[in-house]
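Working notes for the structure below.
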Amino acid sequence: MQANRELTESDFQEAHDDLRGLKQALESTIVGQEGLIDRLLIAFISGGHILLEGLPGLGKTHLAKALAGATGLKFSRVQCTPDLMPADITGSEILIRDPQGEQRLDFQRGPIFAPLVLVDEVNRATPKTQAALLEAMQEHQVTHAGITHPLPSPFWVMATQNPIEIEGTYPLPEAQLDRFLVKLNVEFPSEAALLSMLDISLDDEPSEHLQPVLDLERLVSIMATGREIVIADRIKRAAVTLLLATHPDTSGGSSHFRYGASPRGLQALLKTARIHALLQGRLQVDFDDLARMALPVLRHRVLLTIESELDGISSDSILRQIIQEWRSRI
Amino acid sequence: MNNALLKTLPRLVRRQQRRLWSAQLLTRTALPLGWLVIILFSSGVIHQGWLQLSSPLFFTLALLPPALYLSVTAIRQMPTTAEGATAADIQLKAHALFLSAWEITAFRQTPSSTQQLLLTRAAAELPRWQEQLRSIPTQRPGPSLLLGITLAILGGFLLLLPGKITQKTLESGSSDDAKQQLSKDSETIDPVAAINAVLLAEKKAAVLQHESQVAMQHAKAEGAHPEEEQTGDHSNGQSPEKANESRMESSTNGETRKNPAARNIVVSEIGESPGESAERHSGTAPGLDASVTTDQTTPFTQQRYQDISLDSDRGSQAFDRHTGQHLTTTSQPLKTGLSSVDQDFTGASEQTRPTAMTLDQRVLVERYFKQLSQFDASKP
C-alpha cells in the first residue's frame, strides 16, 4: 500500500470517477437499492467488513456477487449451518502422500482465504465457528497448529443474517458485531424498483455476467486516495460528540442505551465519512458525511436498555433522533 | 501556501465570529427585554394612573439587571474562532472546504499534498466566498424585539412625564389632599414670607422717598423750562420707551396718583389659592395672572394689579381692567419693565401668595401700611 504518496488533482478525479463507475455498475444489476449500494461501496472502499441484514430474497447474495464481479475479485461463499465447524471456514490439515511415497500433513486453505468472502446466514453458525470467522476478520490471518497463515490483502467479509428467524440461530455477540464496519439493512424495494427488476432479472442473473470495471490494483489505489481525505479537527470533535451522545453515562447521552458505541465505532465513522466525501468528489470530510454514515456505523454498536426494548423502541429510531439533534447543534 | 488565503480567511472568520456573537446576543435578548418592558411599562402606567413613583429608581431597576445579564451572556457566549469558521462554512455551504482550509492555514505549517490540493480549491473559491459573506445582511431585530423596544420606550416616557397626582396639584389644586398640602405649606412659610414682604416694602419706600425728592427738584426746574416738557423730558436718565411707559402709567392712573400712597397688596388668607386671592383683590376671575407695576416717574409708589388675560398670547397687548385701556408697554412680560426693587418685590409677592399671617403679624403689617399711607411727600 502506498503511504504518504503525493496526491494530485488528476489522481483524485480518477479515483472519484472510478468509484462512480463501480457504483453505476452495481446499480445496473441491483435495482431500487441505491442507498444500500452507496453505503456498501463506502464500507468496501474503507476496507471494512459488512453485515447485511434483510429478509430472504431481497438480493443480499446477489449484491455480494455483483460486487465481486464488478471488481474482478476472487469470491468465496460460506453457507452457515449449526453443524458448520471452524475448520470448514479456515481450513484444515489433511494427510497427503507425495510422489515419493512419503505421507505428510498439509494445510488445506478454507474458503476464508479469498479477498471477498460471503458468509451467508452467519447467525446460524455456532458461536465456536463464529468466533473462528470473526478472529480471521479482525486479525487478517488464520493460525492452525501453531502456524500462522495470512489472509489476502485486502480482505473483506460480507455476512448476511435474517432478522426474523430466531429458532436454531445464534445471535452474534456484541463484541463480534463490533468487528463489522457497518451493518446495512436491506429494505424492501419500491413498486417501481420491483418492476425494473423484472425487466432485467426475470430469466437471468445479471450479476453473474457483470464485467469487472476495476482491478485489484486500482481498487487499492482508490482506497489509498480515500485515506488522504482531509478531516478537520472541528469535524473530528463533532464525531466524538456524536459518539458520546450514544453513551448513557455522559452528559447529554441517551438514556435509552445500556451501552454506547465503542472507540472502534468512532474510527469506523471517520473512515466511512472519508469515502463518502470521496464519492461526493470532495477532498475534505463534511458534517453531512458523518451524519450520513452514523446510522449504519453505530446501529450495531449500541445496546438498548431492557425498558426500551420492552417499549418496542428500536435503536435506529433513537440513533436517528440523536443524529438529528447533533446536526442541529452544529 | 497561498498568501491571499492566509490573509483573507482569518479576516472572514473574524467577521463571521462577530456576526455570530451579535446573533447570539440578539436571541438572548428576549428575557432581559421582557424584564425591561414589564418594569418600565407597568411602572409607567402606575406612575400615570395611581401612584407617583421615583423615575430614577425604576429606570435603574429596569435597566440594570438586563444590562448585567447581557454583559455576562456576551462574555460567556463569545464564540471561538473555530465556531466562527464553522458558521462561515455553513453560511457559504462550502461543505467544510472553508473550515478545513482555515484550519490548515491557521494551525499547520507544512501542508500535505492533499491539503495543498484543498488549499488550491479554497483559493479558487475565495472571491465567491468574500462576495457571499459580504452580501449576507446583518441580522435585524425581529418584530417581537421591536415591539418590546417600543413598549419599553413608551413605558420610559410614561415614567418620565409628571405623574397624575403631580399634574392635579399643579393644575387646579382642587383636590382635598392638595388643598391640605397647600394649607400646610402656607402655615409653615407664612411668617417668614410676611416679614420678607415688610422688609422689602421698607426698602422700597426708602428708595421711592429718595426718588420723590429728586422729582420735586425736577418739578421746580420744569417751572423754569416749560418747553422741555413738550419735547419730552429724558433728563431723569430713562430711555424714551421707559418715559413713554411712565407717561402712560401716569395718565391712566390719574386717580391713583391723587392718592399716591394708596396701594393694594394681596395678602392671601389661610387655605386660599393664589387665583382666589387675586380674584378677591382685583375682581377678576380666578386663574388670571396678577403682577405689580410701579410708576417710577412719579414721586410716589403706585402699586396695583393688572389683570392680564391668559388666553391671549403673552406677547399680545395686555389689558388693564381698572382703566379699560390696553397697556402697550406690557407687550413683554410685565416683570421686564420693573426695577430691580420691583422684581424683588414681585418675587417676594410670588412667595407670599399662598401665605397667611398670624394676628400679630397682620396688625404689624397694617400698622406699617397705615403709617405709610399718611406719609405726605409734599411736606418737607
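The values are calculated or read from the model by the stated rules, or taken from the named source; none is laboratory data. Predicted, not measured: the structure shown is a model, and the values here were computed from it. Cβ: placed from backbone, ideal geometry, glycine included. Neighbour counts: every protein chain shown. Areas reflect the complete protein model, heavy atoms only, side chains present, ligands, DNA and RNA absent. Shrake-Rupley method; radii C 1.70, N 1.55, O 1.52, S 1.80 Å.
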**Prompt:** Does B:Ala4 qualify as being open to solvent by less than 30 Å² (accessible area, probe 1.4 Å) and part of a helix (DSSP H, G or I)?
**Reply:** no
Apart from one, (1) within 14 Å of chain B (Cβ to nearest Cβ); (2) closer than 15 Å to A:Leu279 by Cβ all hold for A:Asp11; the odd one out is (2)
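Looking at B:Thr81, B:Thr29, which one is open to solvent by 10 Å² or more (accessible area, probe 1.4 Å) and within 14 Å of another protein chain (Cβ to nearest Cβ)?
B:Thr81
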Scanning the stretch B:104-114 for residues that are closer than 17 Å to B:Asp89 by Cα and crowded, with 20+ Cβ neighbours inside 10 Å, the one nearest to the other protein chains (Cβ to nearest Cβ) turns out to be B:Ile104
Checked against (1) more than 13 Å from A:Glu228 (Cα to Cα); (2) β-branched (Val, Ile, Thr); (3) within 14 Å of chain B (Cβ to nearest Cβ), A:Val302 satisfies every condition except (3)
The one condition A:Ser251 fails out of (1) among the small types (Gly, Ala, Ser); (2) within 17 Å of the chain's Cα centre (by Cα); (3) more than 14 Å from every other protein chain (Cβ to nearest Cβ) is (2)
Residues of the stretch B:83-126 being more than 22 Å from A:Ser10 (Cβ to Cβ), free of Cβ contacts under 8 Å to residues at least 12 places away in the same chain and small (Gly, Ala, Ser), in sequence order, are B:Ala96
Counting only residues that are open to solvent by less than 20 Å² (accessible area, probe 1.4 Å) and facing chain A (nearest Cβ under 7 Å), the stretch B:86-96 contains a total of 2
So for the stretch B:123-130 (the condition being within 14 Å of chain A (Cβ to nearest Cβ), more than 52 Å from the chain's Cα centre (by Cα) and buried (at least 18 other Cβ atoms within 10 Å of the Cβ)), does at least one residue qualify?
no
